[in-house]
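One structure is given below, encoded as structure tokens.
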Amino acid sequence: MLATLRPALVMILFMTALTGIAYPLAVTSLSQAVFPERANGSLLTRDGHVVGSALIGQTFTSGRYFQGRPSATVAPDPADPSKTVSAPYNAANSAGSNAGPTSKTLVDRVQTGVADYRQANGSAGPVPADAATTSASGLDPHISPANAAAQVERVATARNLPSARVRALVEAATEERTLGFLGERRVNVLLLNLALDDEQKDSQQASIQSR
């Protein structure tokens, strides 16, 4: 019995040490040494405070900010854990809506999203698809350049900034296709909104100094 158990126990301990301790430590050390920012979640800070991650979207409701695409993620209902409630950009529960094209709930949500988008941005033209539909993960931090362009006038008016300047910030925040052919051109909403805040801060300081 012992002759049979001894090699099995030794192998269990060896594999536990190798795959449960040595390998995670090696991978963690390598990632921290090669790309620490990404390994720590691509966190963004302002004035010493973490304001979000470049990889995970978040909700912006103020007219002063560009808004991301809808998110279908949910969280347990505090009043009834057996049910769920809407929790946009919930990184602990990444998922799409899983609603099919014949789903009335999906159709109603998209129609409502289109109407709200047009009202918020004063546009009667076509609405970019990503402005009314959710991503597969529910965490997409990007919007299309067309979506960002449609929000320029609203944001410029709310911030009392020239539209041309806001449009230039959008262009500067636009990321090209990966390797030139993978994916689509996109705009990181959080990075763009942080650039907006920095621009307004600089404008206010310049205004004060010119007095």
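What to note about this one:
- Solvent-accessible heavy-atom area per residue, rounded to whole Å², over region 1-150 at 1.4 Å: 65
- Taking region 28-70 and a reference point 7 angstrom along Cα→Cβ of E184, the backbone N atoms nearer than 16 Å belong to 68-70.
- In a simple Cβ point-charge model (Lys, Arg +1; Asp, Glu -1; nothing else charged), the chain has a dipole of about 60 debye relative to its Cα centre.
- Between region 24-49 and region 120-199, the Cα center-to-center distance that results, in Å: 27
- Potential lengthening between E153 and L55 on full extension [0.36 nm per residue; Cα-Cα distance subtracted]: 32.7 nm
- Per residue, the average separation of C-alpha pairs within less than 8 Å and at least 6 apart gives the chain a relative contact order of 18 percent.
- Sites T45 and A120 - FRET efficiency at Förster radius 30 Å, r taken between beta-carbons, to 0.05: 0.55
- Secondary-structure-derived ellipticity at 222 nm for the chain, considering helices only, amounts to -15000 deg cm²/dmol, per-run term -39500 (n - 2.57) for DSSP H runs with n ≥ 4.
- Listed candidates (1) 50, 38, 29; (2) 73, 39, 32; (3) 85, 52, 43 - label of the one calculated as Cα extents along the principal axes in Å: (3)
The values are calculated or read from the model by the stated rules, or taken from the named source; none is laboratory data. Just so we're clear, the structure is a prediction, and the values are computed from it rather than from any experiment. All Cβ positions, glycine included, derive from the backbone under ideal geometry; neighbour counts span all protein chains shown. Heads up: the accessible areas ignore ligands, DNA and RNA and are worked out on the full protein's heavy atoms, side chains in. Shrake-Rupley method; radii C 1.70, N 1.55, O 1.52, S 1.80 Å.
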